[in-house]
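Here's the structure we're looking at; comments come further down.
Read-outs throughout are calculated quantities, based only on the coordinates presented, and are distinct from any laboratory measurement. Note that the structure is predicted; figures quoted are calculated from it, not measured. For neighbour counting, all protein chains shown are included, and Cβ atoms are generated from backbone atoms with ideal geometry for every residue, glycine included.
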Amino acid sequence: NGSPTSETSKHHFHLELPAVIKDPKTGKSYQRGRLLGKGGFARCYELIDLETRQIYAGKIVPKARIAKPIQMEKMQREIHVHSLLKHPHVVGFHRHFDDDDNIYIILELCSRKSLVQMLKLRKTFTEPEVRYFMKQIIEGVRYLHSHCVLHRDLKLGNMFLTDDMGVKIGDFGLAAKLEFQGDRKRTMCGTPNYIAPEVLGKIGHSFEADVWALGCILFTMLVGKPPFETTSLKETYSRIKHNKYIIPEYLSPGAKSIITALLSSDPDERPPLEAILDHPFFTEGFIPDSLPTSSVTTAPTFPITKVL
Ligand SMILES: CC[C@@H]1C(=O)N(C)c2cnc(-c3ccc[nH]3)nc2N1C1CCCC1
């Protein structure tokens with residue numbers, strides 16, 4: 001019979017999503033494709049624009065899940081900040097709309113998911129690959145900062161990978177728009193993954209906290225695990241506060257040097273974004289212009305063009 005038994009009442013009911021999603025204001029319709037996964041309150045699907053046949057990555061957030069005003073404000077801020085951005089290394093924001101049940105955010109599909117999945121397969125990346133990825137990420141973050149946007153949650157899971165091995169920065173759920181250069185954000189709603197010491201110390205954070213996260217990303221790609229990872233969050237925060245991390249001996253002098261600079265406890269000692277690519281780690285090492293797709297699973301060997 002239709003009445004919910006003890007079994008059914010255990011599962012929260014989510015309205016089964018229709019196969020075709022329609023924007024009530026414009027009539028634009030999308031066919032719902034395969035489930036890509038979950039991100040926060042969102043269920044993410046491939047969405048096919050029925051007019052253009054273009055495929056997108058759609059974030060679908062049930063309004064019931066963001067009932068509290070603070071959650072709705074956060075969602076609207078994510079949409080507002082991301083919708084202003086357009087750069088080769090920032091995930092394309094296509095459009096957004098809502099209906100009675102959900103908010104829909106239509107984003108650029110990045111068919112190779114994120115650097116988390118690739119690092120899981122590879123364990124660690126070679127230095128040329130790290131220079132290749134970091135160069136694109138730094139160019140993307142320079143664009144964000146030049147538009148007074150702090151990402152505040154830069155991590156491998158937010159570095160999306162396109163079919164041709166391009167990197168795109170995504171997920172602006174914790175991003176903030178600064179009113180002016182020199183402005184600082186003192187509060188934080190949500191816990192970023194690679195949180196900087198000054199954010200823990202409540203001094204508030206600005207562009208330098210994103211630079212700290214870049215140091216954590218670079219370290220994690222070279223070493224295979226984050227610099228401050230422990231079993232307990234409290235212990236991790238303590239290590240961050242005391243700048244307690246170990247750079248493995250086998251890393252090159254350039255890698256050790258740039259990691260030490262980026263992970264400086266004092267935000268003023270971290271190199272400004274523009275200066276990072278001038279560091280010997282980048283200038284004295286080979287930076288490939290492209291990566292073979294095989295590098296998703298196997299370390300590439302780069303042809304050393306013979307100096308004739
Ligand atoms: C839509 C949310 C998020 C995202 O922000 N983008 C840009 C994205 C792009 N392509 C993909 C994607 C294409 C093929 C597999 N995933 N995924 C994206 N994600 C994933 C979905 C599940 C968790 C985060």
Take segment 157-308, compute every pairwise Cα distance, and split them into 10 Å bins from 0; I just need the percent in each bin.
9, 33, 36, 17, 4, 1
Mind jotting down the three principal axis lengths of segment 30-107 based on Cα atoms? Whole angstrom, largest first.
35, 27, 21
Once phi for every residue in segment 116-128 is put through the Karplus expression 6.51 cos²θ - 1.76 cosθ + 1.60 (θ = phi - 60°), the whole-Hz ³J(HN,Hα) values, with Gly and Pro written as x, are 4, 5, 5, 5, 4, 6, 8, 6, 9, 9, 6, 4, x
Between the Cα axis of helix 69-83 and the main Cα principal axis of the chain, the angle (0 to 90°, nearest 10) is 60 degrees
Sequence-distant or interchain residues sharing an amide H contact under 5 Å with Arg95, placed H: which?
Ile106
Please check: in the Gaussian network model of the chain (C-alpha springs, under 10 Å), which one of Ser232, Ser83, Ser111 has the largest mean-square fluctuation.
Ser232
Which listed residue (Ile55, Leu233, Pro192) has the Cα farthest towards the positive end of the charge dipole for the chain, taking +1 on Lys and Arg C-beta and -1 on Asp and Glu C-beta about the Cα centre?
Leu233
Return the subset of Lys74/Lys202; Lys168/Lys202; Lys155/Lys177; Lys68/Lys185; Lys86/Lys113; Lys38/Lys241 for which the Cα-Cα distance in this structure is over 26 Å, preserving the input order.
Lys168/Lys202; Lys38/Lys241
Nearest 20 debye, what's the magnitude of the dipole of the chain about its Cα centre given +1 on Lys and Arg Cβ and -1 on Asp and Glu Cβ?
660 debye
Calculate, axis by axis, the spread of Cα positions in the chain along the three principal axes, and write the results as whole Å, longest axis first.
72, 50, 43
For labels at Lys25 and Cys189 in the simple 7 Å Cα→Cβ model, what's the distance in nm?
2.2 nm
Rounded to the nearest 500, what is the chain's calculated 222 nm mean residue ellipticity when only DSSP H runs of at least 4 contribute -39500 (n - 2.57) each, over all residues?
-9000 deg cm²/dmol
So the angle from the long Cα axis of helix 207-223 to the longest Cα principal axis of the chain, reported in degrees to the nearest 10, equals 80 degrees
Based on alpha-carbon atoms only, what is the radius of gyration of segment 35-176 relative to the globular estimate 2.2 N^0.38 Å?
1.06
Reachable lysines, given that their alpha-carbon falls under 19 Å from the alpha-carbon of Lys25 and they are not under 8 places away in the same chain
Lys59, Lys63
Whose amide H sits under 5 Å from the amide H of Val149, counting only residues 5 or more places off or on another chain, with H placed in the peptide plane?
Leu178
Place a +1 charge on the Cβ of each Lys and Arg in segment 62-101 and a -1 charge on the Cβ of each Asp and Glu, then give the dipole magnitude about the Cα centre in debye, rounded to the nearest 20.
220 debye
So what's segment 224-291 giving for Cα Rg divided by 2.2 N^0.38 Å, two decimals?
1.29
How high is the relative contact order of the chain, in percent, counting Cα pairs under 8 Å that sit 6 or more residues apart?
14 percent
Taking 35 Å as R0, compute the FRET efficiency from the Cβ-Cβ separation of His147 and Ile304 and round it to 0.05.
0.35
Residue-span extension gain [Lys202 to Ser265] - 0.36 nm each, minus C-alpha spacing:
21.3 nm
Relative to the present Cα-Cα distance, how much length would full extension add between Asp49 and Ser111 at 0.36 nm per residue of separation?
20.7 nm
Of the residues Val20, Tyr132, Ile258, the Cα lying farthest along the dipole of the chain towards its positive end, which is defined by charges on the beta carbon of Lys, Arg, Asp and Glu, belongs to Val20
In a Gaussian network model of the chain with springs linking alpha carbons closer than 10 Å, the residue among Phe228, Phe219, Phe207 that fluctuates most is Phe228
Theoretical FRET efficiency, 1/(1+(r/R0)^6), r = Cβ-Cβ of Gln76 and Val296, R0 35 Å, to 0.05
0.50
Note, segment 138-153: 3J(HN,Hα) by Karplus (6.51, -1.76, 1.60, θ = phi - 60°), whole Hz, Gly/Pro = x, goes 5, 4, x, 5, 4, 5, 4, 5, 5, 9, 6, 10, 9, 6, 6, 8
Return the distance in nm (one decimal) between the two label points of a simple spin-label model at Ser257 and Lys63, each offset 7 Å from Cα along Cα→Cβ.
5.7 nm
Label model pair Ser83, Leu178: point-to-point distance (7 angstrom along the Cα→beta-carbon line) in nm is 2.5 nm
Regarding segment 186-256, what whole-number volume in Å³ per residue does the convex hull of its Cα atoms give?
97 Å³
Tilt, helix 253-262 to longest principal axis of the chain (alpha-carbon atoms), in degrees rounded to tens, equals 50 degrees
Given a Förster radius of 25 Å and the C-beta distance between Glu284 and Leu233 as r, what FRET efficiency does 1/(1 + (r/R0)^6) yield to the nearest 0.05?
0.10
Pick from Ile70, Ile105, Ile79: which residue has the top mean-square fluctuation in a GNM of the chain where Cα pairs under 10 Å get a spring?
Ile70
